[in-house]
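Chemist: To start, I am sharing the structure in question, which I have written as C-alpha cells.
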Amino acid sequence: MECLNGNDPFTPNLNQECNFGAGYNQSNEAIADYYDGAVILVTGGTGFVGKALLEKLLRSCAGIKIIYVLMRPKRGLSVEQRYKELLKNQVFDRVRARWPERLSKLFPITGDVSAPNLGVSAEQRELLSTVTTVFHSAATVKFTEPLQAATALNVQGTAYLLKLASDMPLLKALVHVSTAYSNAPRSYIEERVYPPPYDPDSIVRCTKMLPPETVNVIAETLQGEHPNPYTLTKALAESIVYSHSNLPVCIVRPSIVTAAFQEPFPGWIDNVYGVTGIIMEISRGTYRSGYCRERYIVDLVPVDLVVNSCILAAWRQGSKKPGRCPVYNVTSGSINPLQWGQFTRLCIKWARENPTKYVMWYPNFSFTESRFMNTFWEITCHFLPAFLYDMLLRAQGRKAIMMKLARRFKMAAATGEYFANNEWQFGISELSALHTEASFASDSSTFPHWPSQFNWDAYIGAYMLGIRRFILKDSVESLPNARSKLKRLYWVHRLFQAATGYYLFRLLAGRLR
C-alpha cells in the first residue's frame, strides 16, 4: 500500500451526495447551527492555537452548550488557578466586553494528555460521555524535545484521547491538529496520511522500556530523515488517528502558525517561538544574519485562519460525512506564496517604521547561503556586540545577560535551519472542497480561510505591532520616543560602518605595501 489516504479512490466519495446546485438555498444552513447545543472537548486549550480556538467558538458559535477544557497543574499552579488565569487572558477581551456570560461555558477538566484516560477521573469521564465534538490540539511543539517526552505527549497522548473518544456515544466529529511538516522528508505533501516510518506502538513501547539515556543515544537513528522528534511523532500520531475508522476523525495540518490576521485582534500573539522570535529580534536589531535560501517559500498561516479551518473541518465532518479521515493542509504557499527574502525585507521595513522602545541597534538583516559567511556574521554581529555589552553591564555592577541570550538564540536559529533551507509543495484539494462547501452556508464569511484581500505587507506590519503590544508590552504612546532613539542608533550604525571600513582599508593597504 503506497499510502493511507482520505481521498483514496477505493474510498467512496460521499461529497458527491451533497447537492450544491442551482436549487440550493443558502439561507437554509449556517455553520454555527452545527454547534447549537454542542458539548465540546478541547485539549491544548491553554496553548496559542487552543486559546484562539476557544475565543472564536465562544464569540461566533453562540449556541454552544459547554466547552470542556482539559488542563493539568503546572508551574506550581492548580487547575483551578490556571483556569482563572485563562479567563483573565486578553484573548477573551472582545467576548468579555460584549458577552461576558459566555465565558461561563468554559469548564476545566483535570487531566494529563500523557496519562491513561488522559488522567481524567471517573466522575469527569461521565461528563465527557456527552461530548459531541473534540478538538485535539495538545502537543509538545518544541523541536528540541527529547524523543521520549515527544512520544509520550504526541503519540501516546493521541492514542489515549482516541480511546477515550470511543466511549463518547454522541460524538459527531474529532479534529486532530497536526502539522504540515509531519511528512517533512517529502517535498510534495498531499492531503493524505502516509505510512509511518515505524509502528507507533513499537516506538511507544521502546521509549517506555528503555532508560532516557539509551533513548537519547538511539534517537537520531530512529528519526531517520525527519529533522527532529516533533515531525516524527506527529507522523506517528496521524497514523493512529487514521487507524480509528470507527470514529468521525479528520486531520488539520497547519504550516507555521503566526500572529492573528484579524481575530481576536490584528497581530495578536502570545509566544516567541519560531518565526515570532526571529521577527522580534530583527525589530530590536539583535538578529542580523541567518543561514537560509531566501528564494524559498516561508509558509506562514495566521492563527485565526487555522482556527477557522478547524471549526469548518468539524462542521463538515459532523454534517456532511465526507468519508474516511479527510486531511486538510492549511498552508499559504499554494494560495499566496511569500519568500524568505520578501519576508525579512518587510520585517526590516516595519521595524524601522514602528520601532520598539526596546530596540538595541539599528535594524538590519540579511540571509546568506554560505555557512562560513553566516558564522562570520554571527561572530561579528551577534556575539561580539553581546560580549561588549556584557562588559558594559558588568562595569555598571549589573548582571551580564547578552552572551547567554546570543547563545540561546543561536540554538533556536539552528533548530529552524532545516525549514529555512528546504521547500515544500502542499496539495490543497481537500481544503478547497471544505471551503467550497462552506461557501454555501449563510454565515460562511464568519469563518474565512484565506481572505481575497490578504496582503503580506499589511499583515507583517500588524504582526510587528502585535509583538510590540502583546509580547514586549510596549504601548503605541512610546512610538515617538522609540523613533527618536532609532534615529540616534542609525547614526551610531553609520559611524560604526565608516570606522570599520576605514580600519579594513588601513589593514589591506598595509598588506599591499
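The values are calculated or read from the model by the stated rules, or taken from the named source; none is laboratory data. Keep in mind that this is a model prediction, so the values were computed, not measured. Methodologically, a virtual Cβ is constructed for each residue, glycine included, from the backbone with ideal geometry; neighbour enumeration extends over all protein chains shown. What goes into the accessible areas is simple: the full protein's heavy atoms, side chains included, and nothing from ligands, DNA or RNA. Shrake-Rupley method; radii C 1.70, N 1.55, O 1.52, S 1.80 Å.
Chemist: Report in % the part of the accessible area of the stretch 26-158 that belongs to carbon and sulfur, leaving out ligands and nucleic acids; probe 1.4 Å.
Modeler: Working: 2780 of 5450 Å².
Carbon and sulfur: 51 percent of the exposed surface of the stretch 26-158.
Chemist: Separation between the Q453 and D33 pseudo-spin-labels, each 7 Å from Cα along Cα→Cβ, expressed in nm?
Modeler: Roughly 2.8 nm, to one decimal.
Chemist: At a Förster distance of 45 Å, what's the computed FRET efficiency of L495 paired with N271, Cβ-Cβ distance as r, to 0.05? All intermediate terms of the calculation are to be shown ahead of the outcome.
Modeler: Numbers: r = 36 Å, r/R0 = 0.81.
The value I calculate is 0.80.
Chemist: Using 0.36 nm per residue, how much length does the chain from A62 to S129 gain when fully extended, once their Cα-Cα distance is taken away?
Modeler: Numbers: separation 67, 0.36 × 67 = 24.12 nm, distance 2.19 nm.
Residue separation times 0.36 nm, minus the Cα-Cα distance, leaves 21.9 nm.
Chemist: Also, quick follow-up: From the P(r) of the chain, can you give the percent of Cα pairs sitting at distances over 37 Å? Don't skip to the end; give the middle numbers.
Modeler: On the way: 43781 of 131328 pairs.
Percent of Cα pairs beyond 37 Å in the chain: 33.
Chemist: Then there's this: Under 21 Å between alpha carbons: how many lysine pairs meet that in the stretch 83-217, if sequence neighbours fewer than 8 apart on the same chain are excluded? Could you put the intermediate results ahead of the total?
Modeler: Details: K84/K105; K88/K105; K105/K172; K142/K208; K163/K172; K163/K208.
Eligible lysine pairs with Cα atoms under 21 Å apart amount to 6.
Chemist: Just the number please: accessible area per residue for the stretch 108-174, 1.4 Å probe, all protein chains included, in Å². Walk me through the numbers on the way to the answer.
Modeler: On the way: 2580 Å² over 67 residues.
Heavy-atom SASA per residue in the stretch 108-174 reads 38 Å².
Chemist: Specify which residue in the list L153, S121, S104 is farthest towards the positive end of the charge dipole of the stretch 43-157, using unit charges on the beta carbon of Lys, Arg (+1) and Asp, Glu (-1), about the Cα centre.
Modeler: S104
Chemist: Rounded to whole Å and sorted largest first, list the principal axis extents of the Cα atoms in the stretch 127-170.
Modeler: 38, 14, 12
Chemist: Excluding residues on the same chain fewer than 8 positions from K74, give the aspartates and glutamates whose Cα lies under 19 Å from its Cα.
Modeler: K74 reaches E85, D112, E145, D270.
Chemist: What is the percent carbon and sulfur in the accessible area of the stretch 334-378, measuring with a 1.4 Å probe over the protein chains and ignoring ligands?
Modeler: Working: 1250 of 2290 Å².
The value for the stretch 334-378 is 54 percent carbon and sulfur by accessible area.
Chemist: Going through the stretch 195-259, which GluC sites (Glu not before Pro) have at most 11 other Cβ atoms within 10 Å and a DSSP loop state?
Modeler: Within the stretch 195-259, the qualifying GluC sites (Glu not before Pro) (loop, at most 11 other Cβ atoms within 10 Å) are E225.
Chemist: Might you tell me the accessible area per residue for the stretch 182-291, computed with a 1.4 Å probe and given in Å²? Could the numbers behind the result be given before it?
Modeler: Working: 4150 Å² over 110 residues.
Accessible area per residue, the stretch 182-291: 38 Å².
Chemist: Hey, another quick one. Placing unit charges on C-beta atoms (Lys and Arg positive, Asp and Glu negative, everything else neutral), compute the dipole magnitude of the chain about its Cα centre in debye, rounded to 20. List each step's numbers first, then the result.
Modeler: Details: 56 positive and 42 negative charges, 577 e Å.
Once rounded to the nearest 20, the dipole reads 2760 debye.
Chemist: Under a cut-off of 27 Å between alpha-carbon atoms, report the lysines in cross-link reach of K485, not counting same-chain residues fewer than 8 places apart.
Modeler: Filter leaves K349, K357, K399, K404, K410, K473.
Chemist: Plugging the Kirkwood radius over Cα pairs into Stokes-Einstein for the stretch 404-498, at a temperature of 37 °C and a viscosity of 0.692 mPa s, what D comes out in µm²/s?
Modeler: Numbers: Rh = 18.6 Å.
The estimated diffusion coefficient comes to 177 µm²/s.
Chemist: Enter the accessible area per residue of the stretch 356-404 (Å², integer; probe 1.4 Å; all protein chains in place).
Modeler: Working: 3220 Å² over 49 residues.
Dividing the accessible area of the stretch 356-404 by its residue count gives 66 Å².
Chemist: Another question, if that's okay. Over all distinct alpha-carbon pairs, what is the Kirkwood Rh of the stretch 142-284 in angstrom?
Modeler: Values: mean 1/r = 0.0595 Å⁻¹.
One over the average 1/r among Cα pairs gives 16.8 Å for the stretch 142-284.
Chemist: Between the stretch 351-405 and the stretch 55-126, how far is it from one alpha carbon centroid to the other, in angstrom?
Modeler: 40 Å
Chemist: Now a separate question. Relative contact order for the chain: what is it in percent, counting Cα pairs under 8 Å that are at least 6 residues apart? Working shown, then result.
Modeler: Values: 859 pairs, mean separation 95.7, N = 513.
Relative contact order for the chain comes out at 19 percent.
Chemist: Further question on the same structure: What is the antiparallel percent of DSSP beta bridges lying wholly in the chain, to the nearest 5? Provide the component values of the computation, followed by the final result.
Modeler: Working: 3 of 36 bridges.
Percentage antiparallel, nearest 5: 10.
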